[in-house]
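J.: First the structure, which I've put down as structure tokens, then a few questions once you've had a look.
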Amino acid sequence: MLATEIAEAGWYSGAAGQNMQGILRAFFAEIRTRLNVRRRVYVGASSGGFAALLYSHADPGSIAVSAILQIVLRNHYRVSVNRYRHECWRDCATIPDMDDKANFDLAALYGKGFENNVIYVQSGGDRFHMINHLAPFLAVMDEEAMSRVVFDIGFWGKLGHSGATPTPAFLPWVEAALTSEEMTADALLETRFDLLKRDMKSSRIAAPETVTPPAPGPSADDLRLNRPVRDYLLLATDRKEPV
């Protein structure tokens, strides 16, 4: 789906002359209509998280599970964005020139309102994304919007961006999105908590009891070497001699 291999991220947003955002929105709409899919979960991390949030927005009632994602493209690493602009949007002299070519600002998009639901997983060790992407998204959330969004901000042992939200941090939210009876933020939080209790209970049941093996007794060589000492002590005791 990329116009060039150099644009490794691409944000699933296409290039000049290739309306990938429009194509993918139509594709997902066709899939859910033909298959009559009642629960749609869009999943992704980093640039894939941007795509999950973007295309879920176009699908009311769906849910996006996105981790350490980009929200406002012009806030991202300038080298990466300029490479994408140069290779895919060559008629744009600057990054802001791209704004009217496709949707590259999810804070502005969600700030206008949304009818999907969002689980946003963010590592506290990825400060760049906390400041440049999470903060702008939080800034457009009012009380009504927050009823549709769950934020999970934690630290899973990896500083920086790459690998900052491992599978154990991310996948349980996908399961919650698939199994929750309702799609509100409160229902998703309660479902995730119930899944956590289930996993903890299973771990306790599955874990075998630790049995400390008995300490090994003296070997035959130990007994043989200690016999002279034993005999001397016994002899001294019989004679009532000081030992």
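J.: When Lys and Arg each count +1 and Asp and Glu each count -1, what net charge do the other residues less than 13 Å away from residue 150, Cβ to Cβ, add up to?
T.: -2
J.: Taking amide H atoms as placed 1.01 Å from N in the peptide plane, list the residues 5 or more away in sequence, or in a different chain, whose amide H sits under 5 Å from that of residue 45.
T.: Answer set, sorted by chain and number: 67.
J.: For the residues 133, 86, 57, 161, what sequence is obtained by ranking on other C-beta atoms within 10 Å, fewest first?
T.: So the residues, fewest neighbours to most, are 86, 161, 57, 133.
J.: Among 57, 88, 145, flag the residue with its Cα farthest along the positive direction of the charge dipole of region 10-206, charges on Cβ as +1 for Lys/Arg and -1 for Asp/Glu.
T.: Result: 88.
J.: Would you mind ranking 65, 174, 81, 121 by Cβ crowding within 10 Å, fewest neighbours first?
T.: The most exposed by this proxy come first: 174, 81, 121, 65.
J.: Quick one: Karplus J couplings for region 180-195, per residue in order, coefficients 6.51, -1.76, 1.60, θ = phi - 60°, nearest Hz, x for Gly and Pro?
T.: 4, 5, 10, 9, 6, 4, 5, 5, 5, 4, 5, 5, 4, 5, 5, 5
J.: Here's something else I'd like to know. Looking at region 38-125, send over the antiparallel percent of its DSSP beta bridges, to the nearest 5.
T.: 10 percent
J.: Antiparallel as a % of all DSSP beta bridges within region 10-206, to the nearest 5?
T.: Roughly 10 percent of the beta bridges in region 10-206 run antiparallel, per DSSP.
J.: To the nearest Å, what is the center-to-center distance of region 78-130 and region 140-193, using C-alpha atoms only?
T.: What the calculation gives is 21 Å, centre to centre.
J.: Enumerate the calculated ³J(HN,Hα) couplings along region 106-115 in order (Karplus 6.51 cos²θ - 1.76 cosθ + 1.60, θ = phi - 60°), each rounded to whole Hz, writing x wherever the residue is Gly or Pro.
T.: 6, 5, 5, 4, 6, x, 7, x, 7, 10
Bear in mind that the values in this text are calculations on the coordinates, not laboratory data. From a predicted model like this one, the values you see are computed outputs, not experimental measurements. We place every Cβ from the backbone using ideal geometry, glycine too, and count neighbours over all the protein chains shown.
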